[in-house]
Amino acid sequence: MSTENEGTAVPPAPSAPPVPVASPEASRPHPTSDAGAPTTPLPPTPSAPPPATPPAPGAAPAAPVSAAEAGWPPPAPSAPPQDPYAGAPQAAHPGHPGHPGGPTAGGGADGAGAWPPPPPATPSYADPGAGAGTAEGVGGAGGGSDWGTTYAQHPAPKAGRGRGGLVAAVLVAALAAGGLGGGLGYTLAKNDDTSGSTTVSASDSGGSVKRDPGTVAGVAAKALPSTVTIEAESTNGEGGTGTGFVFDTQGHIVTNNHVVADAVDGGKLTATFPDGKKYNAEVVGHAQGYDVAVIKLKSAPSDLKPLTLGNSDKVAVGDSTIAIGAPFGLSNTVTTGIISAKNRPVASSDGTGSNASYMSALQTDASINPGNSGGPLLDAQGNVIGINSAIQSASSGGLGSTGQAGSIGLGFAIPINQAKYVAQQLIKTGKPVYAKIGASVSLEESAGGAKISDQGSGGTEAVEAGGPAAQAGLKSGDVITKLDDRVIDSGPTLIGEIWTHKPGDKVTLTYERGGKTHTVDLTLGSRTGDS
């Protein structure tokens, strides 16, 4: 998002409006509905002194004085007021065009003796006749001058010339009344101020803040001590940062395979808790296909508190989510969102050029960025329902031009039911166990389904002899369109759905052959290791 201002703000108008200018039409007779009958012109305003203030009751009448003694008319000022804006352009505001100043008000030989004296010049941008300025700084409707043009300040009319002097006198009276009101308000406020400050202190008697266990703050406070920031470094010094969470009291930490991939072959691995305690660790096992790994803390503390695992099969779209991780290295970051979709087919890579990982993921709009990988996705009760693993991004340019993609609200997590099974296998044997149907499928993205290839990897048969698919009668060219009640639209979708099951599970496949639809039941086989 651009940090530039979206629009240009209209500057505030000064407190004194410009002096109205007597229209030339006021001094000429105007025709009326009676043709040829001249209109009687308005009599000029007499140049008489203002009426004397009546004496207070009971007071002796004041002695009469002459007009000269009373100071009427007032002496002309020695020089017209100096307009601070005249001749000098104003400094341009950010996002605003510069506003040149207008000429000095009251200029001219006959302006020196005008009564009342002309008000200070009005800045050019306050011209009410220049049209209303829009947010973009363009003059709106109103037939005035464009925004930013000079406002021509006209000299005030002399007293006694038509209606202009009367209007000016009324205007001065109105301004004087306004000034009186403002001064009175300031006086009252000042008299009421006994502290010497206009700041009002808020009450601090609201009581201590209590955060219930079900709130985001309550969940975060409980879960954060059981999350770690993982730093993995290869033997050549390359590496990155990710997240993990405590799986058991023996010091096992669950994370993503791509978080620890750099440290698998003799690299360096550390895990740091929110309290700053840092531990060396080692990789117990990793499953590239599932994108799950387990590490173990060396000299693990005795007070570890594993996070409670939820049931990802029971998660519903719209459920609240809380993600914890270290986005862009910012450890112990908490973000919130909802489950925005389930069973989302996702294929990702660890960036090493090896085979992709496949998952039938939980989709969330909680903000997830590089560094969140391997961290827990929690429900509103603080139970782990997934492992944050991948994001969809609109670009590859991250914050500060790091080259990393950022969150656009499409994050994907490995369902915890699957991750739990994989983690237990890695702790037990150090190797992953995958469910399989015993057939190779095309990895091309299509809407038709998962097509069984004509040939397997390395020139082998596409349908494994004696495997589950062969026993079910599947052949090369068959297109699998459903697994149980899940619609299959591609090979990666089929792989992700198969891997949500365990070896030995029975599933129903729907496939097409020769334009006809068939259904078959089969029992999933198993494969150990990533090779």
- line: Of the residues in the range 306-322, those that are open to solvent by 60 Å² or more (accessible area, probe 1.4 Å) and either assigned to a loop (DSSP other than H, G, I, E, B) or not charged (D, E, K, R) (or both) come to T308, N311, V317, D319, S320
- request: Please specify each residue of the range 265-320 satisfying the condition of being of a type in the set (D, E, K, R), closer than 29 Å to D530 by Cα and in contact with a helix residue (DSSP H, G or I) (Cβ under 8 Å, 6 or more places away or on another chain).
  value: D291, D313
- line: Residues of the range 336-359 being at pLDDT 95 or above and out of contact with any Leu (no Cβ under 7 Å at 6 or more places or on another chain), in sequence order, are T336, G337, I338, S340, A341
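Let's see how each residue does on (1) over 22 Å from N343 (Cα atoms); (2) among the basic types (K, R); (3) at pLDDT 95 or above:
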{"site": "V479", "(1), (2), (3)": "no, no, yes"}
{"site": "P492", "(1), (2), (3)": "no, no, no"}
{"site": "I498", "(1), (2), (3)": "no, no, yes"}
{"site": "T508", "(1), (2), (3)": "no, no, yes"}
{"site": "G514", "(1), (2), (3)": "yes, no, no"}
{"site": "T517", "(1), (2), (3)": "yes, no, yes"}
{"site": "S531", "(1), (2), (3)": "yes, no, no"}
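If we only count strands (runs of 3 or more DSSP E) wholly inside the range 230-305, which ones have 1 or more residues that are open to solvent by 30 Å² or more (accessible area, probe 1.4 Å) and aromatic (F, W, Y)? Write out each step before concluding.
Values: elements: 239-246, 252-255, 268-272, 278-287, 292-297.
Once the strands (runs of 3 or more DSSP E) in the range 230-305 are filtered for at least 1 residues that are open to solvent by 30 Å² or more (accessible area, probe 1.4 Å) and aromatic (F, W, Y), what remains is 278-287.
Conditions (1) in contact with a helix residue (DSSP H, G or I) (Cβ under 9 Å, 6 or more places away or on another chain); (2) not small (G, A, S), marked per residue:
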{"position": "K482", "(1), (2)": "no, yes"}
{"position": "E497", "(1), (2)": "no, yes"}
{"position": "T508", "(1), (2)": "no, yes"}
{"position": "G515", "(1), (2)": "no, no"}
{"position": "G525", "(1), (2)": "yes, no"}
- line: The residue that is nearest to A462 (Cα to Cα), considering only those in the range 393-450 that are at pLDDT 85 or above and charged (D, E, K, R), is K436
- request: Name the one entry in L304, L309 that is of a type in the set (A, V, I, L, M) and farther than 18 Å from Q418 by Cα.
  value: L304
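The values are calculated or read from the model by the stated rules, or taken from the named source; none is laboratory data. It should be emphasised that the depicted structure is a prediction, and the values quoted were computed from it without experimental measurement. Positions of Cβ are backbone-derived with ideal geometry, glycine not excepted, and every protein chain shown enters the neighbour counts. Heavy atoms of the whole protein, side chains included, go into the accessibility calculation; ligands, DNA and RNA do not. Shrake-Rupley method; radii C 1.70, N 1.55, O 1.52, S 1.80 Å.
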